[in-house]
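Undergrad: Here it is, the structure in full.
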Amino acid sequence: MTKRNPPAPLERATHIELRGRRREIWVRRVGVVLFAAFLVAALADVFGQRPSTARADGDGVRLSVSSPTAVRGGLIFQARFDVDVRKEVKDLRLLLDSGWFEGLTLNSVQPDPVGWAQDRGRNVLDFGHFPPGRKLTVRLQYQVNPTSLGRRDQDVTVADGDRQLAFVSRTATVYP
Amino acid sequence: VDIVLRSLVIFALIFVLMRIVGRRELSSLEPFDLVILVVIGDLVQQGVTQDDYSVTGAALAVATFALLAVLLSWLSFRFRRLRPVLDGRPIVLLEDGKPLDGNLRRERITLEELAAQARLQQIESLDDVRWAVLETSGAISFIHK
C-alpha cells in the first residue's frame, strides 16, 4: 500500500522522515550546552563579584588587598586594604592605580586620609605616621558605572614618603 | 548608543533562547510558563536600560526591539533559505492515526499531550486524525480522515 502524501507544501522526506534535519537537533543541543557553560562560568565566579585577596611582604610592612577581580555594571562592591606595619613608617602612603577610579563611582573612603594627591596618574592617599605594630585598614566603597567596560590595572603600592615598601599587582575586569 | 547595543544583544539572546527552548513550550503556555515569561521580561529590562529612567531611553529600547522584529520578519519573507533558521519548519507528528514516535520524542511531546490538543479541537480520538502537524508557531494542526 502506497503511503499518502502530507498536505502540500509539506513533504514526506522533509517533514515526516526529517531527512537532512539531524543538524537542527544538534544545533539545539549545542545551544543548551553553551547556555549551561555560561551558567557554570558564572558559578565559578568568572563574572564576579566574589572578592579575592592578594598579599605582598615588603620592607617592614605587609600589604593585603581584598577586592573583586571581576564586576558588572551597576554593582556595589568594597575594596579593602590592610597594611601591617612592623617597622616605623614616617609617612605611610597608599598609591592606587587609575584603574581603581576609572569608570567607578567612589561612594566612601574609610578612614579619610590626611592628604590626597596625584602622582603620574596614580592616586596617593597619605595616612601619616605609623609606629611598629600598628595596622591600617582602609575600605573603599564603590559602584560600577553602567557604561564601564573592560580590563584595567589595579596595582597597589605602599610607600614611606617616596620610598616604595610593598607592591601588589592585580587587574580587574568590568563586564557589561 | 549604549541602550541600542544592549537591546541588540538582549534581542539576540532572547531569539536564540526561544529557538533552543523549542516552539512547543512557547505555544502551550501553562500558568507556570506564563509566570516565567513575565519574570524573564522583568529581568531583561534592567540589563537593557540599567539606571536610565528617561522616556528617551525606554523609547530607544522599544524602537530597537521593534525594528529588529521587523528586520527578522523581512529577512524571513525575502530569503526563503533563511526561513528554516528564523522560523523553523513544521514536523508531522501523526500519520493515519499512528503517532510518529521519533518526531514526538524530538519535540518532547507525549501522546497524552497530543490527545489533549486533539480534544481541544473537538477530536475524540487520534484514530480519527489523518495528519497532526506541529506548525512553526508551536500550534498543532489536525486534519481529519
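Please treat every number below as a calculation from the coordinates, not as lab data. Only a predicted model underlies this, so the values are computations on that prediction, with no experimental measurement involved. When we count neighbours, we look across all protein chains shown, and the Cβ atoms used for this are built from the backbone with ideal geometry, even at glycine.
Undergrad: Just for the Cα atoms in the protein assembly as shown, what are the lengths along the principal axes, largest first, rounded to whole Å?
TA: Reported extents, whole Å, longest axis first: 100, 39, 34.
Undergrad: What per residue convex hull volume, in Å³, do the alpha-carbon atoms of chain A yield?
TA: Roughly 154 Å³ of hull volume per residue.
Undergrad: How many nm separate the modelled label positions at A:Arg50 and A:Thr171, each set 7 Å beyond the Cα in the direction of the Cβ?
TA: For the pair A:Arg50/A:Thr171, the computed spacing is 2.1 nm.
Undergrad: Still on this model: Where is the GNM fluctuation largest for chain A (alpha-carbon springs, 10 angstrom cutoff): A:Arg152, A:Arg93, A:Arg163?
TA: A:Arg163
Undergrad: Roughly speaking, what is the stretch gain from A:Asp119 to A:Glu102, that is 0.36 nm per residue apart minus the C-alpha to C-alpha distance, in nm to one decimal?
TA: 4.6 nm
Undergrad: Output the 0 to 90 degree angle, nearest 10, between the alpha-carbon long axis of helix A:22-43 and the longest principal axis computed from the alpha carbons of chain A.
TA: Roughly 20 degrees, rounded to the nearest 10.
Undergrad: Sticking with this one: Which FRET efficiency, nearest 0.05, do A:Lys135 and A:Ala37 yield, Cβ-Cβ r, R0 35 Å?
TA: 0.25
Undergrad: Looking only at other chains, what is the average number of their beta-carbon atoms within 10 angstrom of each beta-carbon in A:33-42?
TA: 1
Undergrad: Check cross-link reach from B:Lys98 to the lysines: straight Cα distance under 21 Å, and skip same-chain residues fewer than eight apart.
TA: By straight Cα distance, B:Lys98 reaches A:Lys3, B:Lys145.
Undergrad: Follow-up. Among B:Ser137, B:Ser54, what is the fewest-to-most ranking by other Cβ atoms within 10 Å?
TA: Taking fewest neighbouring Cβ atoms as first place, the list is B:Ser54, B:Ser137.
Undergrad: Additional query: Can you give the Rg/Rh ratio of chain B, where Rg is from the C-alpha atoms and Rh is the Kirkwood radius?
TA: So for chain B, dividing Rg by the Kirkwood Rh gives 1.08.
Undergrad: In straight Cα distance, which aspartates and glutamates are under 16 Å from A:Lys135, not counting same-chain residues fewer than 8 positions off?
TA: Of all the aspartates and glutamates, those that pass the test against A:Lys135 - Cα under 16 Å, at least 8 places apart if same chain - are A:Asp57, A:Asp59, A:Asp82, A:Asp84, A:Glu88, A:Asp91, A:Asp112, A:Asp126, A:Asp160.
Undergrad: Next question. Out of A:Asn5, B:Gln122, A:Thr105, whose Cα points farthest toward the positive end of the dipole of the protein assembly as shown (charges: +1 Lys, Arg; -1 Asp, Glu; placed on Cβ)?
TA: With unit charges placed on the Cβ atoms, the residue in question is A:Asn5.
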